[in-house]
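Where a number appears in this text, it was derived from the coordinates with a stated rule and is not lab data. Quick caveat: nothing in here was measured; it's all calculated off a predicted structure. FYI the Cβ positions are ideal-geometry reconstructions off the backbone, even for glycines, and counts take in every protein chain you see.
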Amino acid sequence: MHITPFAYQVFWILLDPFIRLYLYVRIIQKKEDKSRITERFGNGYKSARPHRTLIWLHAVSLGESNAAINLVTHLKDIRSGWHFVITTNTITAADHIEKSCTAMPVTHIFQPLDHPQWVSRFLDYWKPNCAIFLESDFWFNLVTKTKKRQLPIIFASSQISNIAKTRWKKNPLLASKLFSSPSLILAIDNKQKNNFEQLASCIKNNSNQKVKVMGSLKSRISNSELDLAYEKALRQHANQARLKFILAASTHENEEVLIAKAVAKLSNASECLLIFAPRHPHRAKEIINQIGTMPQRSQGELPQNQNPYFLSDSYGEMTSLYNVADIIIIGGSFFHSGGHNPVEPSLAGKPMICGKSIFNNEADYIDLMKAGIIRQVESNETLNETIDEILRTDNAMLQAIIKGQEIAHEACMRPAKAAHYIVSTIEK
């Protein structure tokens, strides 16, 4: 089905009442903030626009929010007088931004949905001086209505899935108008660079547009305070019980069961503690129902003797878990979620395992797999064999870990480099 720009606008206008109903259903499901639901319609803001240069960064969820925070960290150092508005779609991302940016000139707003009137209201109120769209959340009106105001547009940490690319190619009028709008595209790898060049049919005739390969901007060297008491307690338990810690990090639905079954098959399973750190801690009850009772971090508990599992259902403590783990299994990579960022766990210098689904951070995964710090399973069914192999050869991982940490440190420098490209594009 081919959709023209005119038909797209009509579609949103006709669906207006149904979209409102859908949002209120999401309020009931606790997926929207009732007190701020009007922000989805481009109004009802609780803070005024600052009287200075305002840079708008659009992030979708938690991962993209990390990229936005990383960019702001460096942009504010280069231009201390700027203010930043970060828009997101999820409550989790909103909480993360407001917690992480308390000392930064940042205002969080929920993204206006792509209704033409709602987008116009948002732009009329905030009057951004530049728009930076992160990752793969490209809304036609958000981008093109910003472009009509002759503002610099930048796509940063950018990628687009094969499914989305096919969908956009079926609608060439929408695609060419949207993807020719940015002045600068910072793609995550060469494959994505080619994708954007193909989607913007007029790009070769657009001398003002630049496409550069920059890599993902989600990673940074954390400067947050670690919970050393928590780390110490975990290490003491490991030493006293003579256990290896296997961390299932940022897991999604069905992955906990898969990993638990794999660990149970290990020849030395009784010598391992499996720590679950789900991507969404609110899934704690679901995980316990599937696997069985286990101590929970959210209840102030620590690992217990005779229980092979521990549920770290808390926020802000992943770095501590990376530090104490002997093996890290990267969640989101086993059931088509695309794999979570492998760079930050690489900084901890621990061997890692991932599944086949790594399209979200493919370039970083490939580099780290080549270094040897990440092992990719042949299939989900062979996960236990991969864990066994690492446990038997942990002493041979030293060079791989050193190389992996070097790659990770280089990746954490990307946001600073990207910030300089962005400033030069804005001030061109």
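Think of the range 211-301 as having a plus end and a minus end, set by charges on the Cβ of Lys, Arg, Asp and Glu; of LEU274, LEU243, MET214, MET214 sits farthest toward the positive end of this dipole. As a calculated quantity, the FRET efficiency between TYR421 and PHE11 at R0 = 41 Å, using C-beta atoms, amounts to about 0.70.
Does anyone have the angle between helix 116-126 and the longest principal axis of the chain? Alpha-carbon axes, 0 to 90°, nearest 10? Approximately 90 degrees, to the nearest ten. Given a 10 angstrom Cα cut-off, can you work out which residue in ILE185, ILE27, ILE328 is the most mobile in a GNM of the chain? Ranking ILE185, ILE27, ILE328 by mean-square fluctuation puts ILE27 first. Overall, the range 228-412 carries a charge dipole of about 380 debye about its Cα centre when +1 sits on the Cβ of Lys and Arg and -1 on the Cβ of Asp and Glu, all other atoms neutral. Here's the list of lysines a cross-link from LYS99 could span, going by alpha-carbon distance under 18 Å and ignoring same-chain residues fewer than 8 apart: LYS46, LYS76, LYS218. By the Stokes-Einstein formula, at 0.890 mPa s and 25 °C, the chain with its Kirkwood radius over alpha-carbon pairs has D equal to 107 µm²/s. As a calculated quantity, the FRET efficiency between VAL25 and LYS232 at R0 = 45 Å, using C-beta atoms, amounts to about 0.50. The trypsin sites (Lys or Arg not before Pro) of the range 285-368 include none that DSSP puts in a loop with a beta carbon having at most 13 other beta carbons within 10 Å. On the principal axes of its alpha carbon atoms, the range 282-359 extends 34, 26, 23 Å, with the longest extent given first. Here r is the Cβ-Cβ distance between ARG167 and SER270 and R0 is 41 Å; the resulting FRET efficiency, rounded to 0.05, is 0.25. Rg then Dmax, both in Å and based on the Cα atoms of the range 228-412: 15.1, 41. The range 63-115 and the range 297-342 have Cα centres spaced 26 Å apart.
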